[in-house]
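Chemist: I have a structure here, written as C-alpha cells, and I will follow up with some questions on it.
The values are calculated or read from the model by the stated rules, or taken from the named source; none is laboratory data. What you see is a predicted model; the values in this text were computed from it and never measured. No Cβ is skipped: glycine too gets one built from the backbone with ideal geometry, and neighbour counts run over all protein chains shown. Accessible surface is based on the protein model in full, side chains and every heavy atom, while ligands, DNA and RNA are left aside. Shrake-Rupley method; radii C 1.70, N 1.55, O 1.52, S 1.80 Å.
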Amino acid sequence: MMIDANAAKTVTTDDSFLSGQVHLRQPRDGYRVGTDAVMLAASINTGVVSREQPTKNSGKRAGPRKRLLDMGAGVGGISLAVCQRRVNVHITA
C-alpha cells in the first residue's frame with residue numbers, strides 16, 4: 001500500500017460560516033475559504049426560491065431543479081453557501 005507523505009502531514013481546521021449554518025474542514029495552510037467566497041455565493045442568481053421565501057403552495061420547490069457547476073471548487077465553500085441559501089439546486093463541484 002502506497003501512502004502519500006504530503007497527505008499525511010496536512011493539518012486541517014474545522015470552521016463555520018453564515019452564523020454556523022455551514023461547517024467545513026479545510027487546510028490550515030494554503031487556500032482557505034473566507035468572506036470573499038460567502039459574498040460570491042450571495043451574488044449568484046440561481047433563479048430559484050430562497051430558503052427565506054418558500055413557494056406559496058408547497059413551501060419547498062419552485063419549478064424544475066436548477067444545476068450549477070463549480071469549477072475549481074477548492075474546499076467547496078461557495079457551493080455549500082449557495083446550497084444553504086437556495087432550495088432545489090444541484091451543484092457539481
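Chemist: List the pairs whose first member sits in the stretch 82-93 and is without any contact (Cβ under 8 Å) to a residue 40 or more places away in the chain and closer than 19 Å to residue 17 by Cα, whose second member is open to solvent by less than 40 Å² (accessible area, probe 1.4 Å) and part of a loop (DSSP other than H, G, I, E, B), and whose Cβ atoms are under 6 Å apart, counting only residues at least 6 apart or on separate chains?
Modeler: Short answer, once both residue conditions are applied: 87/49; 91/70; 93/70; 93/73; 93/76.
Chemist: Turning to a different aspect of this structure: Here is a list: 60, 9. Which entry is more than 14 Å from the chain's Cα centre (by Cα), at pLDDT below 65, among the basic types (Lys, Arg) and more than 18 Å from residue 92 (Cβ to Cβ)?
Modeler: On the way: 9 fails: at pLDDT below 65.
Answer to the selection: 60.
Chemist: Sticking with this one: Find all pairs meeting these conditions: Cβ atoms under 6 angstrom apart; at least six residues apart or on different chains; first residue within the stretch 11-37 and touching a residue at least 12 places away in the same chain (Cβ under 8 Å) and open to solvent by 100 Å² or more (accessible area, probe 1.4 Å); second residue among the acidic types (Asp, Glu) and in a strand (DSSP E or B).
Modeler: Cβ pairs passing all conditions: 25/14.
Chemist: From the list 29, 36, 15, which one is modelled with pLDDT of 85 or more, of a type in the set (D, E, K, R) and in contact with a strand residue (DSSP E or B) (Cβ under 9 Å, 6 or more places away or on another chain)? Show your work before the answer.
Modeler: On the way: 29 fails: in contact with a strand residue (DSSP E or B) (Cβ under 9 Å, 6 or more places away or on another chain); 36 fails: in contact with a strand residue (DSSP E or B) (Cβ under 9 Å, 6 or more places away or on another chain).
When all the criteria are applied, what remains is 15.
Chemist: Any idea which residue in the stretch 19-39 is nearest to residue 84 (Cα to Cα), counting only those that are part of a strand (DSSP E or B) and within 14 Å of the chain's Cα centre (by Cα)?
Modeler: So the first thing to find is which residues in the stretch 19-39 are part of a strand (DSSP E or B), and the list is 22-27.
When the remaining residues are screened for being within 14 Å of the chain's Cα centre (by Cα), the result is 22-26.
On the way: 22: 7, 23: 11, 24: 13, 25: 17, 26: 18 Å.
Going through the qualifying residues, I end up with 22.
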